[in-house]
Amino acid sequence: MSRAAVLGLEDGSTWWGEAFGDGSPATGEVVFNTAMTGYQEIASDASYNGQIVVLTYPLIGNYGTFDRAAESRRPWVEALLVRELVSTCREGTIDLDAYLRSYGVPGLAGIDTRALVRRLRARGTLRGAILQVPPHRSQDPDIAREAVAKAQASAPLAAKPLVVEATGLARQTGSGPKVALLDTGVKENQVRCLVRRGATVKIFPATSTARDILSWSPDGIVISNGPGDPAAIPQIAATTRTLLDAAAARGTSRPLPILGICLGHQLVARAIGASTSRLPFGHHGANHPVQDLRTGKVAITSQNHEFQVDESSIPRDSGFRVSSRNLNDGSVEGLVHDRLPIRTFQYHPEGAPGPHDNEPVFDAFMDDVRDAVARK
């Protein structure tokens, strides 16, 4: 039997549909993702912690879910919103409804996702709440008003401990040069990309100190993606500052390569004294064009973030300059240090599910790491 549910937004609008997944209510910021595939990778990306995700592709669920597509230990979305949910899928997989239900994540199908996305583009990211509706109260305006009230009363993203929730346990994998990864909500494919290129990756939880990381004597450091507002985690920005200072102290004679990805990119920027600000409706999808300012080459990238680095705030004496730019809105997509092997990228070079055009980012980083090993 179908279950009715309603989405209420803080602007007072309501959206009725059919519930799937878990039956619990949900609140969070409502954002949209423009990728055509990868709904499981999207759901399990910890950068979505605290958010309700609208999938713009109209047909979702047709190939099921499977273990190797998961990007972390569980789905992190507060809920998924889709136009049409497919109930049958490929043999040997678990359908999306059952997958979300097993982790306590609700969904809402049958809504006009195109109209909802147009509203979000026009008004910016909005807080929302999903409530399931008893059969005898379908389209009940009182329940719709309750959903709106819950959305309006929900906490903003910056008020939640999103990174602390998303970080995992310390672990180590691979064999080769030592890469320390500060886990602020890492996608598993970042770890796989490093291990495939011959790294020993030791993952440090977000609460780790710079001393914890440096005492392992890493040959390189990665600061991962993650959820929320970088300004809300000054302690991790301070850790990043100490790591940058360690790299600067070693200079070019004994280099310590550092790679920042997504939230890691923003943390590096804040660590050098730059500011960050919120985008109107974020970048979420697998089709964002980014230009490398050195070569002029344009790559299609995978993105998932709500915040950007403010270019005008980058200190002139920091040694950092903008290395790449988003061609849709001109926002900063990368930083590079003039002398040291420190690079950051706002987009996700690991893709998952794609595109995979930008995995050479890891090749360049591991080249720097091997060079650092050779200079020991």
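Here, each number is a calculation from the coordinates, and none is a lab measurement. Quantities reported herein were computed from a predicted structural model and do not represent experimental measurements. So basically every Cβ, Gly included, is an ideal-geometry build from the backbone, and we count neighbours across all protein chains shown.
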Self-check item: Sorted by Cβ neighbour density within 10 Å, fewest at the top, the residues PHE66, PHE362
Solution: PHE66, PHE362
Quiz item: What is the helix-to-structure angle for 113-123, meaning the angle in degrees between its Cα long axis and the longest Cα principal axis of the chain, kept from 0 to 90 and rounded to the nearest 10?
Solution: 60
Quiz item: Just ARG197, ARG127, ARG211 to compare: in a GNM of the chain, with alpha carbon springs under 10 Å, which one fluctuates most?
Solution: ARG211
Quiz item: From the Cα gyration tensor of the stretch 48-179, with a ≥ b ≥ c the square roots of its eigenvalues, which class applies: rounded if a/c is under 1.5, or else prolate if a/b is larger than b/c, or else oblate?
Solution: oblate
Self-check item: Fewest-first ranking of MET366, MET36, using other Cβ atoms within 10 Å as the exposure measure
Solution: MET36, MET366
Exercise. Return the single residue from SER277, SER154, SER253 with maximal mean-square fluctuation; model: Gaussian network over the chain, springs between Cα atoms under 10 Å.
Key: SER253
Quiz item: Can you sort SER217, SER331, SER87 by how many other beta carbons sit within 10 Å, fewest first?
Solution: SER217, SER87, SER331
Quiz item: Once the Cα atoms of helix 360-374 and of the chain are each reduced to a long axis, what angle between those two axes, in degrees from 0 to 90 to the nearest 10, is obtained?
Solution: 30
Quiz prompt | Whole-Å distance, taken between Cα centres, linking the stretch 280-343 and the stretch 92-148 | solution = 33
Quiz prompt | Residue of GLN152, GLN308, GLN139 that the Gaussian network model of the chain assigns the largest fluctuation, springs spanning Cα pairs under 10 Å | solution = GLN139
Self-check item: Virtual paramagnetic centre 7 Å along Cα→Cβ of ASP367, amide N under 20 Å, in the stretch 238-274
Solution: 252-261
Quiz item: When the Kirkwood radius is taken over all Cα pairs of the stretch 162-374, what Stokes-Einstein diffusion coefficient follows at 10 °C and 1.306 mPa s, in µm²/s?
Solution: 95
Self-check item: Of LYS160/LYS297; LYS150/LYS202; LYS160/LYS187, those spanning more than 31 Å from alpha-carbon to alpha-carbon
Solution: LYS160/LYS297; LYS150/LYS202
Exercise. For an R0 of 51 angstrom, estimate the FRET efficiency from the Cβ-Cβ distance between THR295 and LEU59 and round to the nearest 0.05.
Key: 0.85
Quiz item: In the stretch 94-211, what % of DSSP beta bridges are antiparallel (nearest 5)?
Solution: 40
